[in-house]
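Asks: Below is the structure I would like to discuss, written out as structure tokens.
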Amino acid sequence: MAHDAGGGGAAGKLVVRNVGLMLSGAIENPILDADALVAVDGRITGVGRIGDLDTANATTVIDAQGVTLAPGLIDSHVHPVAGDWTPRQNQIGWIDSCLHGGVTTMISAGEVHMPGRPRDIVGLKAFAITAQRTFSAFRATGVKVHAGAPVIEPGMEEIDFAELAAAGVRLLGEVGLGGVKDGENARKMVAWARKYGITSTIHTGGPSIPGSGLIDKDIVLEADADVIGHINGGHTALPDDQIRCLCEQCGRGLELVHNGNERSALFTLRTAKELGQLERVILGTDAPAGSGVQPLGVLRMIAMLSSLGEVPAEVAFCFATGNTARMRGLDCGLIEPGRSADFVFLDRAQHSAGKTMLDSVRLGDLPGVGMTVIDGIVRTQRSRNTPPADRAPTVVGH
Ligand SMILES: [Zn+2]
């Protein structure tokens, strides 16, 4: 396992050539007419045909060998605790394992698995600030973990949200996992959080583990958090009529997670499609959880939704890239100049019945990850976790 200390803008100039298919992450135009890309100091500066780009004086050149380049995947729902360790399943290296599944960015929905997690107000604030600090200072193999997501408790006042924001906290953990389980109080606190630039997510459905509770559609609608966290349950889902209400009666994010009810995820997807609102769909794993850690969880969701939910594979990739980046205000997730140079290189898995990577995903197979890049730096080569990709990129020059 390789680790680095964070930001790392020392990437120099990266040129990627010979890309067979360039996925943009943007749902309105998911496939780009491009075979090459240039990034300087970790930011994309050019995308297009190799002859039209300034590729001189590169510090690193990647020959994509004809495979697909996509924005690095974003897991919209994780529960990290400390570094690359999770006490939930007593596992070390889970974040690094997810990078091998193409995930370059993770968003904490609360550091709720910390043994003895503080629930008093001063304690929960201190804990959230600590998580924000530690995960921005330490990155497992370069993966960006946005953490420091306090779980709100009764008695919090506006000043608490102002203090959290001033200290660098940008997220709320899942509303409903703490003592605030009623719509009225949740709404008040979510609004305070929003006022100070803190985005929010709410637990949806039945309790996940002993100690969490039922959050039904009335509470979700009243709380009005930015993201309807695991609308397909975590794992116990709301009835279909309530899910339909949530899709129809608000415009918030529809988050589908791997550690949820697959049938309800497909129901949500079809409802969003019917409404013409696929830009609201984002993906997560909700890992680590009772059902474990899934290094390939986001890829599995993409393949499941594309194959059983009848959406084109290139659109399903947007659920885990551009949609999430836009909803969460992240600088990654889209292949366009100015964005963070965070990529995953994919190809059809060896012996897939699909003729191309997109074809194979449409048939329900997982693609093979051949390389990941974060901040313009190559982080992993052929994945140790996915089925082997037919072809994998190579670094041809420094
Ligand atoms: Zn939850």
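Asks: Quickly run through region 272-306 and pick out the residues that are over 22 Å from G370 (Cα atoms) and in contact with a Lys or Arg (Cβ under 7 Å, 6 or more places away or on another chain).
Replies: A272, P288, A289
Asks: Give me the residue from region 73-120 that is of a type in the set (D, E, K, R) and within 16 Å of the ligand (Cβ to nearest atom) and, out of that set, surrounded by the most Cβ atoms within 10 Å (Cβ to Cβ).
Replies: Result: D75.
Asks: G123 - would you say it is at pLDDT 95 or above, out of contact with any helix residue (DSSP H, G or I) (no Cβ under 8 Å at 6 or more places or on another chain), surrounded by fewer than 24 Cβ atoms within 10 Å (Cβ to Cβ) and in the same structural domain as V373 (by TED's automatic domain parsing)?
Replies: Numbers: at pLDDT 95 or above: yes; out of contact with any helix residue (DSSP H, G or I) (no Cβ under 8 Å at 6 or more places or on another chain): yes; surrounded by fewer than 24 Cβ atoms within 10 Å (Cβ to Cβ): yes; in the same structural domain as V373 (by TED's automatic domain parsing): no.
When the stated conditions are applied, G123 does not pass them.
Asks: Looking at F267 and the list (1) out of contact with any strand residue (DSSP E or B) (no Cβ under 6 Å at 6 or more places or on another chain); (2) more than 14 Å from V78 (Cα to Cα); (3) within 16 Å of the ligand (Cβ to nearest atom), which single condition is not satisfied?
Replies: (3)
Asks: Look at A272 and say whether it is within 16 Å of the ligand (Cβ to nearest atom), of a type in the set (G, A, S) and within 22 Å of the chain's Cα centre (by Cα). Before the answer, list the steps.
Replies: Working: within 16 Å of the ligand (Cβ to nearest atom): no; of a type in the set (G, A, S): yes; within 22 Å of the chain's Cα centre (by Cα): yes.
Considered against the rule, which asks whether it is within 16 Å of the ligand (Cβ to nearest atom), of a type in the set (G, A, S) and within 22 Å of the chain's Cα centre (by Cα), A272 comes out as no.
Asks: Take region 308-364 and flag every residue that is within 21 Å of the chain's Cα centre (by Cα), part of a strand (DSSP E or B) and either of a type outside the set (D, E, K, R) or over 22 Å from G297 (Cβ atoms) (or both).
Replies: S340, F343, V344, F345, L346 - these are the residues of region 308-364 that are within 21 Å of the chain's Cα centre (by Cα), part of a strand (DSSP E or B) and either of a type outside the set (D, E, K, R) or over 22 Å from G297 (Cβ atoms) (or both).
Asks: Among the residues of region 176-225, which ones are among the basic types (K, R) and either within 16 Å of the ligand (Cβ to nearest atom) or free of Cβ contacts under 8 Å to residues at least 24 places away in the same chain (or both)? Explain how you work it out, then say what you get.
Replies: Residues of region 176-225 that are among the basic types (K, R), as a first pass: 181, 187-188, 194-195, 217.
Within region 176-225, K181, K188, K217 qualify.
The values are calculated or read from the model by the stated rules, or taken from the named source; none is laboratory data. Everything numeric here is computed off the predicted structure, so don't read it as measured data. Don't worry about glycine lacking a Cβ; one is built from the backbone with ideal geometry, like all the others, and counts go over all protein chains shown.
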